[in-house]
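Right, one structure below, let's go through it.
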Amino acid sequence: MNHRTAPATGAAPADRAATEAVRCRGLDYAFGETRAVAGLDLSVRAGEVFGLLGPNGAGKTTAIRCVTTLLPVSPGTVSVFGHDAAKEKMAVRRLLGYVPQQLSADAGMTGRENVALFARVFDVARRERAARVAQALAAVDLTGAADRMAKTYSGGMIRRLELAQALVSAPRLLMLDEPTIGLDPIARTTVWDRITTVRRATGMTVLVTTHSMEEAEQYCDRVGLMHRGRIHALGTPAALRAELRARRRTAADASARADVLPTLEDVFREVAGRGLDEEGGDFHDVRNARHTAARLG
Ligand SMILES: Nc1ncnc2c1ncn2[C@@H]1O[C@H](COP(=O)(O)OP(=O)(O)OP(=O)(O)O)[C@@H](O)[C@H]1O
C-alpha cells in the first residue's frame with residue numbers, strides 16, 4: 001500500500017488554516033455494525049480539485065457528510081480551513097457549498113426561486129441577494145431558463161441548478177457528491193466546464209466524489225483512492241500511474257504489462273486488491289440514475 005500524506009501535515013495550525021482546506025485525522029463513522037469510515041486521514045490543499053474515488057460503499061459519501069457537519073465527527077477530527085467541524089459547525093457551514101447525490105432542487109419552483117431559497121438559508125445579505133442569485137445562475141448558464149419551473153429542466157440543467165444553489169453563498173470549499181452521475185457526455189462536460197470556470201475565477205477548493213476515471217484524470221489535481229473507509233493511495237493521477245508501473249518493474253513482472261503505463265483503474269485495482277471481485281462489486285458506477293430522496297434544503 002502506498003499511502004502518502006500532504007506536505008501540510010507538519011505545518012503549524014495557523015499555516016495549515018491557510019493552505020489546507022480540509023483536514024481529517026482518524027475519522028471514524030459507523031452505521032450500527034457497518035464501519036463506513038474507518039480511520040480516515042485526508043488533507044485537501046487550498047485551491048485544488050481533489051477527487052475522492054472508490055467503489056460503491058467505500059465510505060465516500062459518509063466522509064463528505066462528516067466534513068459538511070451533517071454527520072457528527074466522532075471519533076477523529078475534521079477541520080475546514082482550520083475550523084473544527086465538531087466545535088465550530090456554523091463557521092464550517094459558512095465556508096462550504098455542498099451538492100449532494102440526492103436531488104436538492106424543488107421541481108415546483110423556478111430556477112431563480114430555488115437559488116434564492118439557498119441564498120436565504122445561507123444568510124446572503126438581503127440587499128445582495130438578487131444580484132448574487134443572478135450571478136450564480138449566470139455562472140451555470142441558466143440565465144435564460146431562470147424563470148421556468150425546475151420540473152421543465154433536463155437532468156443536466158437540474159445538476160447545474162444545484163451547482164448554482166451551492167455557489168450562491170460564494171463558498172471557499174465546494175463539495176460535490178458524484179456531480180455527473182446519470183448525465184450524458186455533453187451534460188457532463190458542461191457541468192465540469194462550469195465548475196472549472198468558477199474555480200479559476202474565485203480560487204475556491206473543490207472536493208468531489210466520482211466513479212469516473214476519465215473525469216478524475218481530466219479534472220482533478222490529486223485523487224485519493226478510498227476503499228473500506230480509508231484512503232489507500234493519494235497523489236496526482238499521473239504520479240499514481242507512474243508509481244504502479246515502477247512497482248511492476250521492480251517486482252520483475254515478466255509480462256508485457258510491466259512496460260505499459262497502467263491506467264488509474266489499474267492503480268485502484270491493485271490498491272483495493274482482489275476484494276472488489278470477491279465482493280461482487282466493481283469500480284465502475286453501478287447506478288445510472290440518481291437517488292430521488294426528499295429535498296435537502
Ligand atoms: N444511512 C445509512 N444507514 C446504514 N448504512 C449506511 C447508511 N449510509 C451508508 N451506509 C453504509 O455505509 C457504507 C458506506 O456508504 P457510503 O454511501 O458512504 O459509500 P460511498 O463510497 O459513498 O458509496 P457510493 O459510491 O455507492 O455512493 C456502506 O456499507 C453503506 O451501506
Please specify each residue of segment 195-251 satisfying the condition of being among the acidic types (Asp, Glu) and in contact (Cβ under 8 Å) with a residue 40 or more places away in the chain. 215, 217, 221, 243
Within segment 30-46, residues being surrounded by 15 or more Cβ atoms within 10 Å (Cβ to Cβ) and either outside any strand (DSSP E or B) or under 18 Å from the mean Cα position of the chain (by Cα) (or both) number 9
Being touching a helix residue (DSSP H, G or I) at 6+ places or on another chain (Cβ under 6 Å), β-branched (Val, Ile, Thr) and in a helix (DSSP H, G or I), is that true of even one residue in segment 211-234? no
Given the criteria polar (S, T, N, Q) and modelled with pLDDT under 95, does residue 79 qualify? no
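Condition check ((1) crowded, with 23+ Cβ neighbours inside 10 Å; (2) away from the ligand (no atom under 16 Å from the Cβ); (3) closer than 23 Å to residue 230 by Cα) across all residues:
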site	(1), (2), (3)
58	yes, no, yes
65	no, no, yes
71	no, no, yes
81	no, yes, yes
98	yes, no, yes
122	no, yes, no
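This table checks each residue for (1) away from the ligand (no atom under 16 Å from the Cβ); (2) modelled with pLDDT of 95 or more; (3) under 30 Å from residue 53 (Cβ atoms).
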| residue | (1), (2), (3) |
| --- | --- |
| 126 | yes, no, no |
| 134 | yes, yes, no |
| 146 | yes, yes, no |
| 149 | yes, yes, no |
| 166 | yes, no, yes |
| 182 | no, no, yes |
| 202 | yes, no, yes |
Would you check if there is a residue in segment 153-163 being under 30 Å from residue 27 (Cα atoms), of a type outside the set (Val, Ile, Thr) and either in contact with a strand residue (DSSP E or B) (Cβ under 7 Å, 6 or more places away or on another chain) or not assigned by TED's automatic domain parsing to the domain that holds residue 229 (or both)? yes
With the condition kept exactly as written, say whether any residue in segment 76-83 is in the same structural domain as residue 161 (by TED's automatic domain parsing), under 23 Å from residue 215 (Cα atoms) and not in a strand (DSSP E or B). no
Report, by residue number, each residue of segment 129-168 that is surrounded by fewer than 20 Cβ atoms within 10 Å (Cβ to Cβ) and either acidic (Asp, Glu) or within 22 Å of the chain's Cα centre (by Cα) (or both). 141, 147, 155, 156
With the first residue restricted to segment 35-50 and required to be assigned by TED's automatic domain parsing to the domain that holds residue 218 and without any contact (Cβ under 8 Å) to a residue 40 or more places away in the chain, and the second required to be more than 16 Å from the ligand (Cβ to nearest atom) and part of a strand (DSSP E or B), Cβ contacts under 6 Å at 6 or more apart or on different chains are 43/20; 43/23
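The values are calculated or read from the model by the stated rules, or taken from the named source; none is laboratory data. Keep in mind the model is a prediction, meaning the values are calculated, not measured. Quick reminder, even Gly has a Cβ in these numbers, built from the backbone with ideal geometry, and neighbours come from all protein chains shown.
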